[in-house]
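Sharing a structure with you now.
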């Protein structure tokens, strides 16, 4: 098991790793829409925040020796299920058939009061 750490995705803000390399797979922690260089939340609407979270995921996976195309499972946590359709549109910009397996859950609150958090499991390239 190897820790993955990159400055191209938000830093861990607690006792956890951004991602873990377990040999054939990369498992990410939850990724929120923070701009890595500034620590600021990008946007105040679900699509903007979703794009930032996916860009962070993409960068983290690339630095871990994988890619967004190798994602096999995602878990998406959203603040408001009314944003589901708009987040789905952004999701479709990053993934193509065969789409990864996915769970999407509405939650009461997310870190830094963001609207979306994403975690993924990906195969290594």
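The values are calculated or read from the model by the stated rules, or taken from the named source; none is laboratory data. Since the model is a prediction, treat every value here as computed from it, not as a measurement. Reconstructed Cβ throughout: ideal geometry from the backbone, glycine too, with neighbour counts over all protein chains shown.
In the stretch 90-106, how many residues are touching a strand residue (DSSP E or B) at 6+ places or on another chain (Cβ under 6 Å) and surrounded by 12 or more Cβ atoms within 10 Å (Cβ to Cβ)? Outline the logic, then answer.
First pass over the stretch 90-106, keeping only residues touching a strand residue (DSSP E or B) at 6+ places or on another chain (Cβ under 6 Å): 100-106.
Within this subset, residues satisfying the condition of being surrounded by 12 or more Cβ atoms within 10 Å (Cβ to Cβ) are 100, 102, 104, 106.
Going through the stretch 90-106 one residue at a time, the tally reaches 4.
Something else about it: For residue 55, are the conditions met, namely being surrounded by fewer than 18 Cβ atoms within 10 Å (Cβ to Cβ) and either within 16 Å of residue 28 (Cα to Cα) or within 11 Å of the chain's Cα centre (by Cα) (or both)? Steps first, answer last, please.
Values: surrounded by fewer than 18 Cβ atoms within 10 Å (Cβ to Cβ): no; either within 16 Å of residue 28 (Cα to Cα) or within 11 Å of the chain's Cα centre (by Cα) (or both): yes.
For residue 55, the condition - surrounded by fewer than 18 Cβ atoms within 10 Å (Cβ to Cβ) and either within 16 Å of residue 28 (Cα to Cα) or within 11 Å of the chain's Cα centre (by Cα) (or both) - is not met.
While we're looking at this one, here's another question. Which residue out of 87, 68, 31 is in contact with a helix residue (DSSP H, G or I) (Cβ under 6 Å, 6 or more places away or on another chain), more than 19 Å from residue 115 (Cα to Cα), buried (at least 19 other Cβ atoms within 10 Å of the Cβ) and at pLDDT 95 or above?
68
With the structure loaded, tell me whether residue 117 is out of contact with any helix residue (DSSP H, G or I) (no Cβ under 6 Å at 6 or more places or on another chain) and modelled with pLDDT of 95 or more or whether it fails that test. Talk me through it step by step, then tell me what you get.
Details: out of contact with any helix residue (DSSP H, G or I) (no Cβ under 6 Å at 6 or more places or on another chain): yes; modelled with pLDDT of 95 or more: yes.
Against the criterion (out of contact with any helix residue (DSSP H, G or I) (no Cβ under 6 Å at 6 or more places or on another chain) and modelled with pLDDT of 95 or more), residue 117 qualifies.
From the list 121, 78, 116, 87, exactly one residue is more than 25 Å from residue 3 (Cα to Cα), in contact (Cβ under 8 Å) with a residue 40 or more places away in the chain and touching a strand residue (DSSP E or B) at 6+ places or on another chain (Cβ under 9 Å). Which is it?
Working: 121 fails: more than 25 Å from residue 3 (Cα to Cα); 78 fails: in contact (Cβ under 8 Å) with a residue 40 or more places away in the chain; 116 fails: more than 25 Å from residue 3 (Cα to Cα).
Selected residue: 87, the only one of 121, 78, 116, 87 that is more than 25 Å from residue 3 (Cα to Cα), in contact (Cβ under 8 Å) with a residue 40 or more places away in the chain and touching a strand residue (DSSP E or B) at 6+ places or on another chain (Cβ under 9 Å).
Let me ask you something else. If we keep just the residues of the stretch 1-28 that are without any contact (Cβ under 8 Å) to a residue 60 or more places away in the chain and in contact with a helix residue (DSSP H, G or I) (Cβ under 7 Å, 6 or more places away or on another chain), which is surrounded by the fewest Cβ atoms within 10 Å (Cβ to Cβ)?
8
If residue 48 meets every condition in (1) without any contact (Cβ under 8 Å) to a residue 60 or more places away in the chain; (2) under 14 Å from residue 120 (Cα atoms); (3) surrounded by fewer than 19 Cβ atoms within 10 Å (Cβ to Cβ) apart from one, which number is that one?
(2)
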